[in-house]
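Okay, structure first, notes after.
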Amino acid sequence: MAGDPAQPRSRMFHVGGRPMRTWNVHVGCEFLCTYCSARRLATTRLKHSPRYLDGFSPHLVETEFGRKFKPGDFVFVGYMGDISFASRPIIIDICRIIQEQPEVNFLFCSKSPLHYWSWNIHWPDNLYLGSTIETNRDYKLTRAPAPMYRYMAMRAIDYAKKFLSIEPICDFDLDLMLSWIVEINPDIIEVGADNYHKGLPEPPWDKVEKLLTHLKANFPTVVEKVGLENLCNRKSVTQKNNHQVANAMFYDPVIGGWH
């Protein structure tokens, strides 16, 4: 399957040129990812909002149950948190609402995709099941299950609509990462970088380019999000600095003169 090189870059995922919508019917998370922007937002700028008075503790937001979306929308459920912290009865209620809007696509994206198994639910046809796998390596950036366990859970799910988020991308082993993705067989893949300067172990741009080339050649939808190009820009700056250092003149006190 050929990739779609014309997909737009955005901080949010796009479908048909339209940005992903969010439905925060369940918020909060206890994985404490070091790079989490949602937790920072909930505990700073949104800390006086009624839904974040308890910080980032997971809970249902019942007032969101009445939300309706437009046909063709792509909706991230529980963007401000991780949906795995919802109970099975809550997930059943959410899925009922999802089924009532068949012309809208919805997304669960969790760092604990094993919950898709433990909930033991017949999923609506318009729901994507997804996970974040930033790398194949375990950099201890989160209390969530290690990347290997997320991969194993996603690989084992026999489901047509899978979503994979490689964001924020961290340094990885190309062949192993590609083999994981092939075995997961996601319908949609998004790739993004560390946009919040958290000092993550980022991969060199050459490796990212190779990954993207393979993904676009073999998967139907691959989205490069805004900020990913910064990895390329950082490479250019580093090369420029190295070139300047290599060509700088220095004074040799032994033989005298500038060289």
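The numbers here are math on the coordinates, done by the rules we state, and not lab data. In this text, all values refer to a predicted model and were calculated from it rather than measured experimentally. Heads up, the Cβs are rebuilt from the backbone with ideal geometry, glycines too, and the neighbour counts pull from every protein chain shown.
Of note:
- Shape of segment 95-229, Cα gyration tensor, a/c cut at 1.5: prolate
- For segment 32-42, Karplus couplings with θ = phi - 60° (6.51, -1.76, 1.60), whole Hz, Gly/Pro x: 6, 4, 5, 9, 5, 7, 5, 4, 4, 5, 5
- Nearest-0.05 FRET efficiency for Arg88 and Thr34, computed from C-beta distance (R0 30 Å): 0.55
- Two-site label geometry, Arg67 and Thr44: point separation in nm, points 7 Å out along Cα→Cβ: 2.3 nm
- Net charge dipole, segment 95-223: roughly 340 debye, given to the nearest 20, about the Cα centre with Cβ charges of +1 for Lys and Arg and -1 for Asp and Glu.
- Anisotropy class of segment 7-98 from Cα gyration tensor, a/c 1.5 cut: oblate
- With all pairs of different C-alpha atoms in the average, the Kirkwood value for the hydrodynamic radius of segment 56-113 is 12.1 Å.
- Ranking Val75, Cys95, Leu46 by how far each Cα lies toward the positive end of the dipole of segment 40-114 (charges on Cβ) leaves Leu46 at the top.
- Förster radius 45 Å - calculated FRET efficiency between Glu100 and Met148 (Cβ-Cβ, nearest 0.05): 0.75
- Debye equation applied to the C-alpha atoms of segment 160-241, log10 I(q)/I(0) at 0.15, 0.16, 0.18, 0.27 Å⁻¹: -0.53, -0.60, -0.75, -1.47
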